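Working notes, beginning with the structure itself.
The values are calculated or read from the model by the stated rules, or taken from the named source; none is laboratory data. These numbers were taken from a predicted model, which means no experiment stands behind them. Glycine also receives a Cβ, built like all others from the backbone with ideal geometry; neighbour counts cover every protein chain displayed. SASA here: full protein model, heavy atoms, side chains in, ligands and nucleic acids out. Shrake-Rupley method; radii C 1.70, N 1.55, O 1.52, S 1.80 Å.
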Amino acid sequence: MKIKNLFRSFAFAFLLSAITYPATYFVDNTRPDDSGSGLSWALAKKTISVAIGVSVAGDTILVKYGTYLITSSLSLTNNRMITSDDGSNNSWNTALYDSSQCIIKPDISVRCRIFTISTNGISNSTHLRGFKITEGDASLETINALYGGGVLIFSDADPVIENCWIFKNTAAIIFGQSYGGGIAITGTGTNPIIQYCTIDSNVAGTTRYGDGGGIASVDVSMPQIHHNIISNNIATTHGSASGGGIYCDNSYATISDNTISGNIATNGIYGLAGYGSGGGIYVTNGVVQILSNKILSNIASTSRGGTGGGIDINGNGHYVYQNEITDNLGSSGQEGSGGGIACSGNIQIKNN
């Protein structure tokens with residue numbers, strides 16, 4: 001009996017040793033290098049990409065306030081919890097995240113997107129929280145170039161992006177059709193949550209044909225976009241463009257409780273500008289719900305031919321409920337139409 005109990009104790013101890021628990025990794029750019037294990041602040045990694053590389057699905061990464069220069073896009077293909085912190089906490093729940101104090105941007109010598117998030121290995125268990133994501137440019141990316149200057153989410157990924165500041169990113173500064181200056185979301189089964197973020201001063205394209213200055217949702221993606229401030233984004237600075245704040249084409253997005261203000265679909269000068277559609281939001285195809293937003297002071301075109309200063313919405317089955325739609329312009333130049341809403345199709349517009 002003693003031998004049997006000893007064997008059971010040994011087997012139980014072996015089983016416990018074989019179980020792996022989620023780890024927490026730490027990043028601090030004041031460290032001399034990446035030689036530390038990363039498993040405490042004293043042994044923190046220096047760079048975010050290395051911490052992502054040594055961690056595994058389910059782990060948490062805490063990043064100390066500072067400016068982190070990257071030389072290529074940070075890739076996520078399975079679940080992580082990544083948050084900023086002041087360097088005094090040891091868990092996701094206690095971290096003091098602050099997007100104004102933890103900045104991720106490209107090194108001055110490179111041009112790249114900031115985050116590329118993909119595959120069905122990314123569920124809503126992945127959270128990206130409390131970062132200023134800035135100066136990204138998707139022009140030269142090998143994966144989905146011209147999509148998502150700050151963040152690209154595609155291929156069935158469902159992350160939660162929250163409490164981040166998506167600022168001054170560009171989907172493309174070269175000629176070509178570009179989508180999502182701040183964030184691009186694309187593909188069937190790609191159902192992220194974008195919440196409590198500030199998404200401002202992003203540009204989809206600086207040449208022609210940019211769509212979605214702040215956010216673009218295309219190709220049967222199904223994001224939830226709520227409780228964000230989406231402001232001062234531009235779909236393109238030249239040529240034709242749609243969706244200064246948000247662009248949805250064949251999307252099943254829910255857009256709710258956001259403040260969408262000061263966005264412009266196109267602000268090209270006379271002779272260069274095409275026609276802008278949807279200064280605040282542009283929708284075509286799919287089924288999109290626009291609920292309880294403040295849609296204020298957006299412009300479809302600063303030159304001519306703008307339609308839908310607040311919203312340009314086309315197709316069947318869309319919902320526009322209980323929004324405040326105020327002080328928007330179809331065009332601040334010539335030939336504008338639909339200052340608040342321009343629409344075609346079978347759309348339910350109620351209680352705005």
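Given a 1.4 angstrom probe, I'd like the percentage of the accessible area of the stretch 231-335 that is carbon and sulfur, rounded to a whole number. Don't jump to the answer; show the numbers that get you there.
Working: 1510 of 3340 Å².
Exposed carbon and sulfur together represent 45 percent of the surface.
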- [ ] Compute the FRET efficiency between Ser100 and Asp257 as 1/(1 + (r/R0)^6), taking r as their Cβ-Cβ distance and R0 = 22 Å, and round to the nearest 0.05.
- [x] 0.50
- [ ] Could you look at the stretch 84-159 and say what percent of its accessible area is carbon and sulfur, using a 1.4 Å probe and all protein chains?
- [x] 45 percent
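Of the listed peptides 75-81, 290-296, what is their order by residue-averaged count of other C-beta atoms within 10 Å, with the highest listed first? Intermediate results must be reported in sequence, preceding the final value.
Working: 75-81: 19.4, 290-296: 22.1.
Per-residue mean Cβ counts within 10 Å order the peptides as 290-296, 75-81.
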Open item on the list: Skipping prolines and chain starts, which residues have an amide H placed within reach, meaning under 5 Å, of the one on Ser178, given they are 5 or more residues away or on another chain?
Closed with: Gly210, Asp211
Task: Under-28-angstrom lysine pairs by C-alpha in the chain, whenever the two are 8 or more apart or on separate chains - done: 17
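Find out how many positive minus negative residues lie around Thr284, taking Lys and Arg as positive, Asp and Glu as negative, among other residues whose Cβ is under 11 Å from that of Thr284. Kindly include the intermediate steps, with their values, before the conclusion.
Working: positive: none; negative: Asp211, Asp249, Asp312.
Residues close to Thr284 contribute a combined charge of -3.
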Open item on the list: Taking amide H atoms as placed 1.01 Å from N in the peptide plane, list the residues 5 or more away in sequence, or in a different chain, whose amide H sits under 5 Å from that of Tyr275.
Closed with: Ser240, Ala241
Open item on the list: Please check: in the Gaussian network model of the chain (C-alpha springs, under 10 Å), which one of Gly333, Gly149, Gly244 has the largest mean-square fluctuation.
Closed with: Gly333
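What ranking of Tyr68, Tyr321, Tyr25 comes out by heavy-atom accessible area, probe 1.4 Å, highest first?
Values: Tyr68 10, Tyr321 60, Tyr25 30 Å².
Largest to smallest exposure gives the sequence Tyr321, Tyr25, Tyr68.
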Task: Exposure of Asp156 as accessible area (Å², to 10), given a probe of 1.4 Å and all protein chains - done: 60 Å²
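Helix-derived [θ] at 222 nm for the chain: sum -39500 (n - 2.57) over DSSP H runs of at least 4, divide by residue count, nearest 500?
Values: 2 runs with 24 residues, N = 352.
Mean residue ellipticity at 222 nm (helix-derived): -2000 deg cm²/dmol.
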TODO: Enumerate the calculated ³J(HN,Hα) couplings along the stretch 49-55 in order (Karplus 6.51 cos²θ - 1.76 cosθ + 1.60, θ = phi - 60°), each rounded to whole Hz, writing x wherever the residue is Gly or Pro.
DONE: 4, 5, 4, 4, x, 8, 7
- [ ] Quick one: what are the phi-derived ³J(HN,Hα) couplings along the stretch 117-134, Karplus 6.51/-1.76/1.60 with θ = phi - 60°, whole Hz, x for glycine and proline?
- [x] 10, 8, 6, 6, x, 9, 10, 5, 6, 7, 10, 10, 9, x, 10, 8, 9, 9
Open item on the list: Taking the full set of protein chains and a 1.4 angstrom probe, give the accessible area of Thr237 in square angstrom, rounded to the nearest 10.
Closed with: 40 Å²
Task: Helix 2-18 vs. the chain, principal-axis angle (Cα, 0 to 90°, nearest 10) - done: 30 degrees
Open item on the list: Through the Karplus equation 6.51 cos²θ - 1.76 cosθ + 1.60, θ set to phi - 60°, convert the phi angles of the stretch 229-237 into ³J(HN,Hα) values in whole Hz; use x for Gly and Pro.
Closed with: 9, 10, 9, 6, 8, 10, 5, 8, 8
Task: Choice from Arg111, Arg31, Arg304 with maximal GNM fluctuation in the chain (Cα, 10 Å cutoff) - done: Arg31
